[in-house]
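Novice: This is the structure I have questions about; it appears just below.
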Amino acid sequence: MTPSPANAVERQLPTEEARELLSLTRDLVQREIQPRAAEDEAAGRFPREIFRTLGEAGLLSLPYEEKYGGGDQPYEVYLQVLEELAGAWLAVGLGVSVHTLSCHALAGFGSDEQRAAWLPGMLAGDQLGAYCLSEPQSGSDAAALRTRADLDGGEYVISGTKAWITHGGEADFYSALVRTGEPGPRGISCLLVPAGVAGLSAAPPEHKMGMRSSPTAQLHFDGVRVDRGRLIGTEGQGFQIALAALDSGRLGIAACAIGVAQAALDLAVDYAGTRRQFGRPIADFQGLSFMLADMATQIEAGRALYLAAARLRDAGRPFSKHAAMAKLFCTDAAMRVTTDAVQVLGGYGYTQDFPAERYMREAKVLQIVEGTNQIQRLVIGRHLTAR
């Protein structure tokens, strides 16, 4: 059984252009993504050509400035496109979110000369980016990173290992957070590292519970040399750049979570309407209909929360607390909804004949990436008690 398409969602979009973008996205989902998602995910095939198709359609650059090749779309619109993609195949939706995150440092903190030189290529659709913050010994404690970059004449020489890198080994460029100074957050800088430079290599991809089509790998920097002109911002500004990127990235994860949850709900509703027991559809039984009602309510609440945070961002207002709330709520909701979808399908939900089990495995990682949900609670708490 194929779940109902997410275009059943009634979206509030600000412009006719935004409505056309959502229509284009749904068309690509139905023609290019949904037909191959289950088979490729089971085989662990990375759909690089789908990202090229999305790039040609302008969907890899939506929130960035038009003068650099971006779509000049507000986050309110970009995130709803992301939700549609993730509902069809999380490896694609999350991949677009990661690419957008990897462009954030240059777009937000690069010089005019740097943006003019590199951003158009990064946004044109042929390139795919990766974001390098985590390391084997520093995940939640990102300020403890050890990958070192030292100046040698006009070049930085980078040595160390990055971990849990989405698109590791597949990306065309890496926004890498490295240590150029003292221990702690003030000693961190951001370098834009092109793929293919000598000394840069990727380990074999991790064997994961879900998201098998999205390669996640360690990156090894063994004396990698990059021109000092690839420093984004100033030395010591890297942690500030990383936090700003993560605020936006968390909204991307929230939207992806709602996409997966919506797909699970669509599947559960379709199944409950056709599966008959005791002479009638199981959707007629109050215990199950209440479960569907709770699932739908959590999804609507999560969507409203991530859109409220996006509108704050679009208005230039502080949104860090709301981004953390959206990431926390939406990903926890996705885990509950997908687990309940498996329950609605009963034994069939536990088989690979239906995508419910895949949705549940995919939802789990969203509670971890871009800062665990425990870290989100820490961020929210600090905002609430700030003096």
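Novice: How many residues does the stretch 169-218 hold that are open to solvent by less than 50 Å² (accessible area, probe 1.4 Å), over 24 Å from Leu60 (Cα atoms) and within 23 Å of the chain's Cα centre (by Cα)?
Specialist: Residues flagged as open to solvent by less than 50 Å² (accessible area, probe 1.4 Å), over 24 Å from Leu60 (Cα atoms) and within 23 Å of the chain's Cα centre (by Cα) within the stretch 169-218 amount to 3.
Novice: Any chance you could count how many residues in the stretch 223-245 are assigned to a helix (DSSP H, G or I) and either open to solvent by 20 Å² or more (accessible area, probe 1.4 Å) or farther than 30 Å from Ala88 by Cα (or both)?
Specialist: Number of matching residues: 9.
Novice: Name the pairs: first residue in the stretch 348-364 and in contact (Cβ under 8 Å) with a residue 12 or more places away in the chain and assigned to a helix (DSSP H, G or I), second residue small (Gly, Ala, Ser) and open to solvent by 30 Å² or more (accessible area, probe 1.4 Å), Cβ to Cβ under 8 Å, at least 6 apart or on different chains?
Specialist: Arg358/Ala38
Novice: Open to solvent by less than 10 Å² (accessible area, probe 1.4 Å), free of Cβ contacts under 8 Å to residues at least 60 places away in the same chain, within 29 Å of Ala304 (Cβ to Cβ) and touching a helix residue (DSSP H, G or I) at 6+ places or on another chain (Cβ under 6 Å): does that describe Leu62? If you could, list the steps in order and put the result at the bottom.
Specialist: Details: open to solvent by less than 10 Å² (accessible area, probe 1.4 Å): yes; free of Cβ contacts under 8 Å to residues at least 60 places away in the same chain: yes; within 29 Å of Ala304 (Cβ to Cβ): yes; touching a helix residue (DSSP H, G or I) at 6+ places or on another chain (Cβ under 6 Å): yes.
The answer is yes for Leu62.
Novice: Do any residues in the stretch 235-261 that are under 16 Å from Glu300 (Cα atoms) have Cβ atoms under 8 Å from those of residues that are acidic (Asp, Glu) and assigned to a helix (DSSP H, G or I), where the two are at least six apart or on different chains, and which pairs are they?
Specialist: Ala255/Glu83; Cys256/Glu83; Ile258/Glu83; Gly259/Glu83; Gly259/Glu84; Val260/Glu362
Novice: If you take the residues in the stretch 153-168 that are open to solvent by less than 30 Å² (accessible area, probe 1.4 Å) and farther than 18 Å from Leu128 by Cβ, which one is nearest to the chain's Cα centre (by Cα)? It would help to see each step written out before you state the result.
Specialist: Just the residues of the stretch 153-168 that are open to solvent by less than 30 Å² (accessible area, probe 1.4 Å), to begin with: 156, 158, 160, 162-163, 165-168.
Checking the rest, the ones that are also farther than 18 Å from Leu128 by Cβ come to 156, 158, 160, 163.
On the way: Tyr156: 29, Ile158: 26, Gly160: 25, Ala163: 16 Å.
Looking at residues that are open to solvent by less than 30 Å² (accessible area, probe 1.4 Å) and farther than 18 Å from Leu128 by Cβ, I get Ala163.
Novice: OK, next. Filter the stretch 121-178 down to residues that are of a type in the set (Ser, Thr, Tyr) and more than 28 Å from Glu49 (Cβ to Cβ), then give me how many there are. Write out each step before concluding.
Specialist: If we filter the stretch 121-178 for residues that are of a type in the set (Ser, Thr, Tyr), which is where we start, we get 131, 134, 138, 140, 147, 156, 159, 161, 166, 174-175.
Subset that is more than 28 Å from Glu49 (Cβ to Cβ): 138, 140, 147, 156, 159, 161.
Qualifying residue count, the stretch 121-178: 6.
Novice: Taking only pairs six or more apart or across chains, which ones have beta-carbon atoms under 8 Å, a first residue in the stretch 327-344 that is closer than 26 Å to Ala308 by Cα, and a second residue that is of a type in the set (Ser, Thr, Tyr) and open to solvent by 20 Å² or more (accessible area, probe 1.4 Å)?
Specialist: Taking only residues 6 or more apart or on different chains, not a single pair turns up.
Novice: Taking interchain pairs and intrachain pairs at least six residues apart, which have beta carbon atoms under 6 angstrom, with the first residue in the stretch 128-148 and of a type in the set (D, E, K, R) and the second open to solvent by 40 Å² or more (accessible area, probe 1.4 Å)?
Specialist: Matching pairs, first to second residue: Arg148/Ser159.
Novice: Now, a different point. Out of curiosity, is Val269 farther than 23 Å from Arg45 by Cα and among the β-branched types (Val, Ile, Thr)? Give the derivation first.
Specialist: Values: farther than 23 Å from Arg45 by Cα: yes; among the β-branched types (Val, Ile, Thr): yes.
Spelling it out, Val269 is indeed farther than 23 Å from Arg45 by Cα and among the β-branched types (Val, Ile, Thr).
Novice: Looking at Ala203, Ala257, Ala283, Ala263 in this structure, which one is touching an Asp or Glu at 6+ places or on another chain (Cβ under 9 Å) and small (Gly, Ala, Ser)? Walk me through how you get there before you give the answer.
Specialist: Values: Ala203 fails: touching an Asp or Glu at 6+ places or on another chain (Cβ under 9 Å); Ala283 fails: touching an Asp or Glu at 6+ places or on another chain (Cβ under 9 Å); Ala263 fails: touching an Asp or Glu at 6+ places or on another chain (Cβ under 9 Å).
Within the list Ala203, Ala257, Ala283, Ala263, the selection yields Ala257.
Let's see how each residue does on (1) crowded, with 18+ Cβ neighbours inside 10 Å; (2) part of a helix (DSSP H, G or I); (3) not polar (S, T, N, Q):
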| position | (1), (2), (3) |
| --- | --- |
| Gln262 | yes, yes, no |
| Asp266 | yes, yes, yes |
| Val269 | yes, yes, yes |
| Ala283 | yes, yes, yes |
| Leu288 | yes, yes, yes |
| Asp294 | no, yes, yes |
| Arg303 | yes, yes, yes |
| Ala309 | yes, yes, yes |
| Arg317 | no, no, yes |
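Novice: Pick out the one residue from Ala107, Ala116 that is assigned to a helix (DSSP H, G or I) and over 16 Å from Gly238 (Cα atoms). Show your work before the answer.
Specialist: On the way: Ala107 fails: over 16 Å from Gly238 (Cα atoms).
The match here is Ala116.
Novice: Here are Gly87, Gly121, Gly93: which of them is closer than 24 Å to Leu243 by Cβ and either out of contact with any helix residue (DSSP H, G or I) (no Cβ under 6 Å at 6 or more places or on another chain) or buried (at least 24 other Cβ atoms within 10 Å of the Cβ) (or both)? It would help to see each step written out before you state the result.
Specialist: On the way: Gly87 fails: closer than 24 Å to Leu243 by Cβ; Gly121 fails: closer than 24 Å to Leu243 by Cβ.
From the options Gly87, Gly121, Gly93, the qualifying one is Gly93.
Novice: Return a yes/no flag: does the stretch 72-82 have any residue that is of a type outside the set (A, V, I, L, M), part of a loop (DSSP other than H, G, I, E, B), out of contact with any Cys (no Cβ under 8 Å at 6 or more places or on another chain) and open to solvent by less than 40 Å² (accessible area, probe 1.4 Å). Outline the logic, then answer.
Specialist: So the first thing to find is which residues in the stretch 72-82 are of a type outside the set (A, V, I, L, M), and the list is 72-76, 78, 80.
Restricting the remaining residues to those that are part of a loop (DSSP other than H, G, I, E, B) gives 72-74.
So of that shortlist, the ones also out of contact with any Cys (no Cβ under 8 Å at 6 or more places or on another chain) come out as 72-74.
Then drop every residue that is not open to solvent by less than 40 Å² (accessible area, probe 1.4 Å), which leaves 73.
Yes, the stretch 72-82 contains a residue that is of a type outside the set (A, V, I, L, M), part of a loop (DSSP other than H, G, I, E, B), out of contact with any Cys (no Cβ under 8 Å at 6 or more places or on another chain) and open to solvent by less than 40 Å² (accessible area, probe 1.4 Å).
Novice: Only residues that are open to solvent by less than 10 Å² (accessible area, probe 1.4 Å), farther than 16 Å from Thr180 by Cα and among the polar types (S, T, N, Q): list them for the stretch 124-147, please.
Specialist: If the condition is that a residue be open to solvent by less than 10 Å² (accessible area, probe 1.4 Å), farther than 16 Å from Thr180 by Cα and among the polar types (S, T, N, Q), then Ser138 is the only one that fits.
The values are calculated or read from the model by the stated rules, or taken from the named source; none is laboratory data. Quick caveat: nothing in here was measured; it's all calculated off a predicted structure. Heads up, the Cβs are rebuilt from the backbone with ideal geometry, glycines too, and the neighbour counts pull from every protein chain shown. Heavy atoms of the whole protein, side chains included, go into the accessibility calculation; ligands, DNA and RNA do not. Shrake-Rupley method; radii C 1.70, N 1.55, O 1.52, S 1.80 Å.
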